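Report on the following structure.
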Amino acid sequence: MLRKITPFLILAILIFIFSIYILIKEREGWGIFFVFTFFIIAIIIFFIDLGLSKWINDYRLLLLIESIIIAIIIFTYTYKHRTKTLILPSNFDKEYVTLIYGVDNNIDLSISALTWSKQIKIPENGILLTSSKANMNLPDTKIKLKSGIYLNSYQTKIRFKKMVESSFKSNGQVYKFRTWKIKEGFCCTFSKEEIKKYTTELKYQFEINKDNVLK
């Protein structure tokens with residue numbers, strides 16, 4: 001009997017149990033949708049396991065293959081969700097947080113393809129200049145106050161959303177930047193006009209501070 005237990009079978013059972021948990025916890029709304037989705041996934045995994053069991057007679061080889069597949073899926077998922085955490089001063093009162101990339105003689109974020117997570121301290125003005133390139137980026141973003149309170153969490157009513165990933169040209173050089181909008185309560189809506197206005201203001205602030213210290 002034990003020889004019939006495989007990683008895929010265990011995974012299918014766990015997903016099925018998790019779908020039942022969601023059904024009990026979320027009796028309406030999106031809960032039913034997730035239950036249905038996870039239930040279908042569990043069935044698919046079960047039949048894949050059944051097919052592999054018939055195709056591969058060596059039980060140890062079957063365990064190895066399924067374990068490798070699960071490990072690859074977990075690695076791929078976690079790699080796509082590598083996270084940078086922007087740390088704001090506890091009394092932060094700005095509406096935007098921005099990273100401007102490729103600015104010489106400024107802090108290097110030290111992010112590479114092997115970086116899984118990174119904490120980045122944001123100055124009080126909400127604008128961080130870095131010599132790092134924009135493509136050296138972690139896909140997911142979290143923002144928290146220095147006190148440890150995370151935005152977009154039950155800990156606070158303050159929310160954030162990525163507003164723009166763009167660039168501006170200054171003194172013949174192109175600088176890429178990423179900006180997140182911060183707002184208490186419902187967040188966040190923004191228009192093309194707001195993005196254009198902010199980009200113009202950001203470029204102006206950047207150019208009037210020749211020493212790369214935005215005030």
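The values are calculated or read from the model by the stated rules, or taken from the named source; none is laboratory data. None of the values given here were measured: they were computed from a predicted structure. Note: ideal-geometry Cβ built from the backbone for every residue, glycine included; neighbour counts use all protein chains shown. What goes into the accessible areas is simple: the full protein's heavy atoms, side chains included, and nothing from ligands, DNA or RNA. Shrake-Rupley method; radii C 1.70, N 1.55, O 1.52, S 1.80 Å.
Determine, yes or no, whether Leu86 is out of contact with any helix residue (DSSP H, G or I) (no Cβ under 7 Å at 6 or more places or on another chain), in contact (Cβ under 8 Å) with a residue 60 or more places away in the chain and either open to solvent by 90 Å² or more (accessible area, probe 1.4 Å) or aliphatic (A, V, I, L, M) (or both). Spell out how you get there, then give the answer.
Working: out of contact with any helix residue (DSSP H, G or I) (no Cβ under 7 Å at 6 or more places or on another chain): yes; in contact (Cβ under 8 Å) with a residue 60 or more places away in the chain: yes; either open to solvent by 90 Å² or more (accessible area, probe 1.4 Å) or aliphatic (A, V, I, L, M) (or both): yes.
Yes: the conditions hold for Leu86.
List the residue pairs whose Cβ atoms are under 7 Å apart, where the first residue sits in segment 119-139 and is within 23 Å of Asp93 (Cβ to Cβ), the second is part of a loop (DSSP other than H, G, I, E, B) and of a type in the set (Asp, Glu), and the two are 6 or more positions apart or on different chains.
If the second residue must be part of a loop (DSSP other than H, G, I, E, B) and of a type in the set (Asp, Glu), the pairs left are Thr130/Asp108.
State all residues of segment 112-137 that are farther than 26 Å from Gln205 by Cα and touching a strand residue (DSSP E or B) at 6+ places or on another chain (Cβ under 7 Å); if no residue qualifies, say none.
Here is the first cut: in segment 112-137, the residues farther than 26 Å from Gln205 by Cα are 112-118.
Those that are farther than 26 Å from Gln205 by Cα and touching a strand residue (DSSP E or B) at 6+ places or on another chain (Cβ under 7 Å): Ser117, Lys118.
With the checklist (1) touching an Asp or Glu at 6+ places or on another chain (Cβ under 8 Å); (2) surrounded by 15 or more Cβ atoms within 10 Å (Cβ to Cβ) in hand, flag the one item Lys157 doesn't pass.
So Lys157 meets the others, but not (2).
Quick check, is Ser166 of a type outside the set (D, E, K, R), surrounded by fewer than 12 Cβ atoms within 10 Å (Cβ to Cβ) and closer than 24 Å to Gln205 by Cβ?
no
Which condition from (1) closer than 30 Å to Lys169 by Cβ; (2) open to solvent by less than 70 Å² (accessible area, probe 1.4 Å) is the one that Ala71 breaks?
Here Ala71 meets the rest and fails (1).
Quick check on this structure: which one of Lys181, Lys176, Lys144 is over 25 Å from Thr78 (Cβ atoms), within 20 Å of the chain's Cα centre (by Cα), at pLDDT 95 or above and open to solvent by less than 90 Å² (accessible area, probe 1.4 Å)?
Residue meeting the stated conditions: Lys181.
Please specify each residue of segment 144-158 satisfying the condition of being in contact with a Phe, Trp or Tyr (Cβ under 6 Å, 6 or more places away or on another chain) and either in a strand (DSSP E or B) or among the basic types (Lys, Arg) (or both).
Lys144 - this is the single residue of segment 144-158 that is in contact with a Phe, Trp or Tyr (Cβ under 6 Å, 6 or more places away or on another chain) and either in a strand (DSSP E or B) or among the basic types (Lys, Arg) (or both).
Pairs needed: first member in segment 176-199, closer than 15 Å to Gly126 by Cβ; second member anywhere, of a type in the set (Asp, Glu); C-beta distance under 8 Å; at least 6 residues apart or different chains.
The qualifying pairs are Phe177/Glu165; Arg178/Glu165; Thr179/Glu165; Lys181/Glu95; Ile182/Glu95; Lys183/Glu95.
Looking only at segment 37-68, which residues are hydroxyl-bearing (Ser, Thr, Tyr) and surrounded by fewer than 16 Cβ atoms within 10 Å (Cβ to Cβ)?
Result: Thr37, Tyr59, Ser67.
So Thr199 fits all but one of (1) in a loop (DSSP other than H, G, I, E, B); (2) over 15 Å from Leu88 (Cβ atoms); what number is the exception?
(1)
For segment 107-124, what are the residues that are open to solvent by less than 40 Å² (accessible area, probe 1.4 Å) and either within 21 Å of Phe160 (Cα to Cα) or not aliphatic (A, V, I, L, M) (or both)?
Result: Thr115, Ile120, Ile122.
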